[in-house]
Each structure stands twice: as structure tokens, then as C-alpha cells.
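Asks: Next up is a structure, given as C-alpha cells.
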Amino acid sequence: MTLPTLPPPIVIADALSLTALAYELAQEPIVAVDTEANSLFAYRERVCLIQFSTRDRDYIVDPLALPDLGELGPLFANPGQQKVFHAAEYDLIGLRRDYRFAFANIFDTMIAVRTLGLPQMGLAALLEARFDVKMNKRYQRANWGKRPLTPDQLDYARLDTHYLLPLRNSLNMELTTQGRLEEVYEEFARIAQVAGEAKPAAIDRFWRINGARDLTPSQASVLREVYLYRERQAERADHPPFKVMSEGTLMEIARGCPKTLSDLKEVTGMTQDQIRRHGGDLLQAVQLGLRTPAPPRPHIPRVPDEVRERYDRLHEWRKQTAQGRGVESDVILPREALWELARRVPSTLEELDAIEQLGPWRRHSYGADILKVLAEPAQPSNSELVS
């Protein structure tokens, strides 16, 4: 099926239009929402579009044209209005980061699908399967921070929310039929509070590169300097760092500590253009790293054996419970909850109330099983078996 002809979305790019939109949205009990960001094209990612759909209209807010979006804050925070997203976590993190919005009454169609145990699908596949609507993926990786936007881009962006309300209604009926409403709304409330992972200081972020902690102290020092060099270049050009140089290339430089431009030519992943642009500065960064004291390695607290053993038992219980329901394991309990349970070892239903990731539904449904798993005697370690 081809897409039906839809009226063009209403673009909100000035303060008066934003005020009118905020008023109109305030009258709606349910609003569909999506965002587009520029993470593939900018050093500091930001929200570049916010799409809204009501039962009758589609709107696209252009944050780059507006000095302030504060008038939308009451909508997102209003517990009496439902905001429907697909895969909400990324959108919520971006909106909270850029505009300090708070959120209440979220409906996430992806979480609903996973709670029902349905095959995981992207939004485009879901819409095709349920509404016979085929979306064009041409602009999936578009630069949403570039202006002007074409009519085709605006139409693509609008389709991310246009069908969300009927999709929500369909999933809500299935959740009701299966008796999963209380469970899924508890997860919606949890996801609305997700703030996103705090980034370490730039000088320490290089430790996140795969393999960084296996380097020698001098190689780690070199990696830090070439990483910081890449950060400065990316910020100056307003490009994401991976477009300046890949992490794999940084690791190769750190391992080999090249001394000449000829040495750089032997680095896997290093292009002639990169050598021309950055060769001399990279060699200086390598030498600076070799002269600089080694950076302290990040402290990773050791997990006590008894905590790890309890976590493993809970993990196996979660896996078996999920298989019995035909859902992914984290639908039963998030990983963070397993660790918190393993560390705190509650022994009563009342003590489970203190576990942050356990809402009333999960405590009622799984509390007795969790306490039973935690009460099991610890399995002997290998060293105990040998002795």
C-alpha cells in the first residue's frame, strides 16, 4: 500500500505559533510525540525537531528557530495528559538534557510490544504490519540540524507520530485483554524518570574505549593525549568525534606510538587525508603522552563473591521466568534491580519496598519468588570444592 495523501504538517517556527500550539495541545487528552536529533552530524548532539500529532493534526516544532520552548513544559509534566512515544528513552533523555523538561504519564509503544511478548519491531515495521502503511526510510539518517528542511523531510518526520495514536489504542486493547495494563504502566512510570548516564570528564572518557584498560601505563597516557586531540578537533569543526578519527585508529596509535609520518601510514584505519590534516599534531600528542605521567586507572569496586553468586541465581530465575512468558528477560526485571537485590538481600516483602526498581506490580507478582531465590543456600565456590 502507498501512503495516503495527508495534509502537510503545521510547522511551528515562531513564538506566537508556539503559544498557540501549547494552548491547542493542552486541550488534548492524548498526544503523540517524537524527536529528531543531529548526533551523527554535530559535536554536541541536540534536539532539532519535535513532532506532535493529535487526533486531527500533525505539528512539527523547530527548536532551532525558537529561543525558548518552556511553554511545552506543562504538557510533558501533566499527569492528566498522556504522551505517546515509540522507544521513548532516547527522546526523554534529549528533551530533559536540552530543555530540562520533566515527564509524567508516558505511553511507550515499544515497551508495550515487548510486554506483550510480540516480535520486536521498529516503528516502520510495526506500522506496515498493523496498518499496511509503508514508510520511506530515506531520511532515517538525515542531518536534522541542517536548514532549510525539505517538504519530504518534514513529511517523513511527521509520519513518526501520525500513526502513533491508533497504534497506542490497538496495543492498549491487547494489554487490557492480557491483563498487562498495570505491569506496563508501572514500566512507563519508571522510564519517565530515566535521566541518562552522566558523562565522565573529557580527560577520563578515553577509558571507555574498548581495550583501553588493557594498555600499558605509557600507552594509556598516549591514548589520553590523542583522544583529547581528537575531541578538540571535533569540537572546533562541530563534527562528532568518530568523523575525525575512529576509536580503533586511536587505539592503534596508542599501541604503536608512531614517531614519524611514515609510521602513521602503517596505522590501520589511518587515511592519507587524516595524515595530511592531523599527522604532525598527532605525533606531538604521542610524544606528550610518552612524557606525561600515566593516568590513574578508574577504580572498579570488586563485587564480593556472595553478591555475584546471588546475582547469578536471580539472573537465572529471571531468564526462566521470561522464557515461561515468552518475553525478553529485562521485561521481568531490569538488570539494575537484580544487582540491587543481590547487594541488599531483602528477606521480607516489606523490605522489598525499598528496592527502587521494584514497583507495586512487580513486588506483588514476583516478590515471593525473589525472596525464595535470595533465601537459597549459596553454592560452594570452586576453591571450596577443591579443598
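Asks: For residues that are more than 12 Å from the chain's Cα centre (by Cα), part of a helix (DSSP H, G or I) and of a type in the set (D, E, K, R), tally how many sit in the range 86-103.
Replies: The total comes to 3.
Asks: Could you say which residue among 308, 335, 363, 318 is farther than 30 Å from residue 236 by Cα, in contact with a Ser or Thr (Cβ under 7 Å, 6 or more places away or on another chain) and of a type outside the set (A, V, I, L, M, F, W, C)?
Replies: That would be 318, the only listed residue that is farther than 30 Å from residue 236 by Cα, in contact with a Ser or Thr (Cβ under 7 Å, 6 or more places away or on another chain) and of a type outside the set (A, V, I, L, M, F, W, C).
Asks: Quick check on this structure: which one of 92, 116, 164, 123 is over 30 Å from residue 324 (Cα atoms) and either in contact with a strand residue (DSSP E or B) (Cβ under 7 Å, 6 or more places away or on another chain) or among the aliphatic types (A, V, I, L, M) (or both)?
Replies: Of the residues listed, the single one that is over 30 Å from residue 324 (Cα atoms) and either in contact with a strand residue (DSSP E or B) (Cβ under 7 Å, 6 or more places away or on another chain) or among the aliphatic types (A, V, I, L, M) (or both) is 92.
Asks: Within the group 146, 83, which residue is out of contact with any Leu (no Cβ under 7 Å at 6 or more places or on another chain), of a type in the set (Lys, Arg), at pLDDT 95 or above and not in a loop (DSSP other than H, G, I, E, B)?
Replies: Going through 146, 83 in turn, the sole match is 83.
Asks: Within the range 335-364, which residues are in contact (Cβ under 8 Å) with a residue 60 or more places away in the chain and part of a loop (DSSP other than H, G, I, E, B)?
Replies: Residues satisfying the conditions are 357, 359.
Asks: Do the conditions hold for residue 301, that is, is it more than 22 Å from residue 190 (Cα to Cα) and free of Cβ contacts under 8 Å to residues at least 60 places away in the same chain?
Replies: Considered against the rule, which asks whether it is more than 22 Å from residue 190 (Cα to Cα) and free of Cβ contacts under 8 Å to residues at least 60 places away in the same chain, residue 301 comes out as yes.
The values are calculated or read from the model by the stated rules, or taken from the named source; none is laboratory data. These figures come from a predicted structure and were not determined experimentally. Using ideal geometry, Cβ is built from the backbone for each residue, glycine included, and neighbour counts are taken over all protein chains shown.
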